[in-house]
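One structure below.
Derivation of every value follows stated rules applied to the coordinates shown; laboratory data play no part. Fair warning: this is a prediction, and the values are worked out from it, not measured in the lab. All Cβ positions, even for glycine, are placed from backbone atoms using ideal geometry, and neighbour counts span all protein chains on display.
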Amino acid sequence: MKKLINKFIDFVKKNKMFVITITILLGGQSLTYCILKYFQTDPIYINYYLDDRIPFIGRFVHIYNSFYPFVFLSLYLLYKKDAKAYYRGIISGIIGFLICDIIFLTIPTIMYRPIIPSISPFTDFVLKVTYYFDTPPLNCFPSIHCLFCFQVIYSYIFSKYNDIPKKVFIILYALLVISSTLFIKQHFIYDVISALSVMLISNILEKIFNIYEKIKKKKFIKNLVKTN
């Protein structure tokens, strides 16, 4: 146990900027996502007729629940290989989830889930736990899962990450996580499309205002990077 704690402390010391920025992105959004549920009333139900044609595939819940480890690991690899692409992705991700939070407050949505068919004892249990911790199922439009996965795809496509097999695997896995939100009925098609739109808008805004370069010049950030 002591070795694990020491390894964790050593990891944090060596990757200060990664720990700070990933905590702001994932931790910040998780916190605001939960808080916003207490301020939402009269959520609307947005679905498309094609949503009814998408089958329920319960085993995709395991891919769905790998979202946080996947985003953490994929962004860490990017941080090590192309820091600029990583930081720009983080900034765009923060802009994206702020846009989503505004939408959640102004257009709250809800998902009505199907009766879960029995698949296997373990998968049935995981599905029930997943649904339990996301009850009531609000803040569906846009999908945060899809937003961050689209951001990973975008960042890797335009990065200098040269390990092609890993790059392809990460992009394909991100697409699997996005698909899982539809297959386990956590999101509708509109939620996925809107997440892609928000991701593109946030990256355009980051480029227009050159936010990465402006933040990089700040003394506090420069000092952190030097000690990293």
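Where helices (runs of 4 or more DSSP H) sit wholly within the range 128-228, those with at least 1 residues that are in contact (Cβ under 8 Å) with a residue 60 or more places away in the chain and in contact with a Ser or Thr (Cβ under 9 Å, 6 or more places away or on another chain) occupy 144-157, 164-183, 189-208, 211-216.
The residue list 119, 153, 94, 144 contains one member that is closer than 20 Å to residue 40 by Cβ and of a type in the set (Val, Ile, Thr), which is 144.
When the range 30-78 is limited to residues that are within 28 Å of residue 164 (Cα to Cα) and without any contact (Cβ under 8 Å) to a residue 40 or more places away in the chain, the one that is surrounded by the fewest Cβ atoms within 10 Å (Cβ to Cβ) turns out to be 69.
Of the numbered criteria (1) surrounded by 16 or more Cβ atoms within 10 Å (Cβ to Cβ); (2) more than 27 Å from residue 129 (Cβ to Cβ), the one residue 2 fails is (1).
Is the range 98-118 home to any residue that is under 15 Å from the mean Cα position of the chain (by Cα) and closer than 21 Å to residue 69 by Cβ? So far as the range 98-118 goes, no, none of its residues is under 15 Å from the mean Cα position of the chain (by Cα) and closer than 21 Å to residue 69 by Cβ. Among the conditions (1) in contact with a Lys or Arg (Cβ under 8 Å, 6 or more places away or on another chain); (2) more than 18 Å from residue 92 (Cα to Cα), the only one that residue 173 does not satisfy is (1).
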